[in-house]
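Undergrad: Handing you this structure, nothing more for now.
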Amino acid sequence: MILCIIPFTVHAADQDNDGIDDSVDRCPNTAQLKKVDPNFRYAITVNPERLTPGNHAVAVNSDGCEPDNDNDGIKNSADYCPDNSALEISKGVSDNGCPIHTDRDGTPDYRDRCPNTAAGLKTDQYGCPKA
């Protein structure tokens, strides 16, 4: 009798497709990349992973969690301003990760010296009305 051993590969479970085995994944529900049709007119400008078939997760760290590079509390995949400085974050950030500018004068609160500028006024770099 001849005994044959057939090698096989065991693939680890990775339910959220982030490349981290579920047994060590501290963030098991990683957001998935939004897919774009490969025939999209501006496909050349899109992350290539968004054009390929199948599920792919956003980039994660070794724990399986999305990073927050600037530590503003907004994950990189949802952060429109992913490299805020501590000064920019000091007065708070909006849901999209960008510095808040309460009076909507175009100057973020962290450097706004005139925080209650009336709507429609032209302002300088510090949020104060131009003379």
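Undergrad: In Å, the Kirkwood hydrodynamic radius of the chain over pairs of distinct alpha carbons?
TA: 18.6 Å
Undergrad: Check Ala57: other-chain or 5+ apart residues with amide H under 5 Å from its amide H, H built from backbone geometry?
TA: Under 5 Å from the amide H of Ala57 lie the amide H atoms of Leu33, each far enough along the sequence or on another chain.
Undergrad: Quick check: net charge around Ala78, other residues with Cβ under 10 Å of its Cβ, Lys/Arg +1 and Asp/Glu -1?
TA: Every neighbour counted, the sum reads -3.
Undergrad: At a threshold of 8 angstrom on Cα-Cα distance, excluding pairs fewer than six apart, so keeping six or more, what relative contact order does the chain reach in percent?
TA: Relative contact order, the chain: 13 percent.
Undergrad: Could I ask something else about it? With springs only between Cα atoms under 10 Å, which of Arg113, Arg41, Arg26 fluctuates most in a Gaussian network model of the chain?
TA: Arg41
Undergrad: What full-extension length gain, to one decimal in nm, is calculated for Ala59 and Lys122 as 0.36 nm per residue of separation minus the Cα-Cα distance?
TA: Result for the pair: 18.6 nm of gain on full extension.
Undergrad: Mind telling me which of Ala78, Ala31, Ala118 comes out most flexible in a GNM of the chain, alpha-carbon contacts under 10 Å?
TA: Ala118
Undergrad: Full extension from Arg113 to Asp95: what is 0.36 nm times the residue separation minus their Cα-Cα distance, to one decimal in nm?
TA: Separation in residues times 0.36 nm, less the Cα-Cα distance, equals 4.2 nm.
Undergrad: Specify the residue with the greatest mean-square fluctuation among Asn55, Asn17, Asn84, computed from a Gaussian network of the chain linking alpha-carbon atoms under 10 Å apart.
TA: Of Asn55, Asn17, Asn84, the Gaussian network model singles out Asn55 as fluctuating most.
Undergrad: Just tell me which lysines come within less than 20 Å, Cα to Cα, of Lys130; anything on the same chain fewer than 8 places away is out.
TA: Cross-link targets: Lys122.
Each value in this text was obtained by applying a stated rule to the coordinates, not by laboratory testing. Just so it is clear, the structure is predicted and the values come from calculations on it, not from any experiment. Virtual Cβ from ideal backbone geometry, glycine too; neighbours counted across all protein chains shown.
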